[in-house]
1. Based solely on C-alpha atoms, express the radius of gyration and the Dmax of region 1-105 in angstrom.
2. HN-Hα J couplings of region 63-80 from phi, Karplus 6.51/-1.76/1.60, θ = phi - 60°, integer Hz, Gly and Pro as x?
3. Report the FRET efficiency, 1/(1 + (r/R0)^6), for residue 137 and residue 113, where r is their Cβ-Cβ distance and R0 is 41 Å, rounded to 0.05.
4. If you roll a 1.4 Å probe over region 1-119 with all protein chains in place, what percent of the accessible area is carbon or sulfur?
Amino acid sequence: MREYLRALESRILALPSEIRTGLDPKEIARLLGESLRQQFLHSGVPDTVKALQATSAAMTSAQRELSTALRGLSDSQGGVLAQVERANNRLEYSLERRAKTFDALLHEWKSDLLRIWIPLIAGAAMLIGLFGGMEIQGCRDAAPTAVTMPTETPVPTAQPPEAPSNGAQADNPKLRGKSREKPGIDAMHER
């Protein structure tokens, strides 16, 4: 390869001076650089770069804000998650306390029902039954006395002579009167 480069250099040196100055590497590099710069400016790449830089800055800012917001959400002391957890714990505690209070009230109501209300209702039912029974019995007792008043029954004055079964009874006037009174008393009891 060195031989090739030496041959190329010897040929360039053999060229006329005008062509040799046109092939000056520094001048060629300067012309190419200027041409590339002009092409670059005309292509719109600098505007694209500026737009990309602005987009990158906006994304970096959004990333910082999102990171701050997420840090605020996930903070174990004052973040939203910690606040939600504390609120849930308070709600759970409140519900448990209310459930215990409700259970205590229900137990108290049940013991009051067994201790106070059932005996009270049973006593009231007994009194109502007692007074109702007394009223019914009073009505039953009052109705027959108003309708059928005992009246005196006429005692028959003459009775047919009875056949004396015992001779002593027929001769004794006291026994005859008793036997006469007996049908009247029996008639009164029959009514």
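1. Both quantities, over Cα of region 1-105: 37.5, 119 Å.
2. Values per residue, Gly and Pro as x: 5, 4, 5, 5, 5, 5, 5, 5, 4, x, 5, 9, 5, 6, 9, x, x, 4 Hz.
3. On the way: r = 34 Å, r/R0 = 0.82.
After rounding, the FRET efficiency stands at 0.75.
4. Working: 6810 of 10960 Å².
Answer for region 1-119: carbon and sulfur cover 62 percent of the accessible area.
The values are calculated or read from the model by the stated rules, or taken from the named source; none is laboratory data. Keep in mind that this is a model prediction, so the values were computed, not measured. Ideal geometry is used to build each Cβ from the backbone, glycine not excepted, and the neighbour counts take in all protein chains shown. These accessible areas exclude ligands, DNA and RNA; they are computed on the full protein's heavy atoms, side chains included. Shrake-Rupley method; radii C 1.70, N 1.55, O 1.52, S 1.80 Å.
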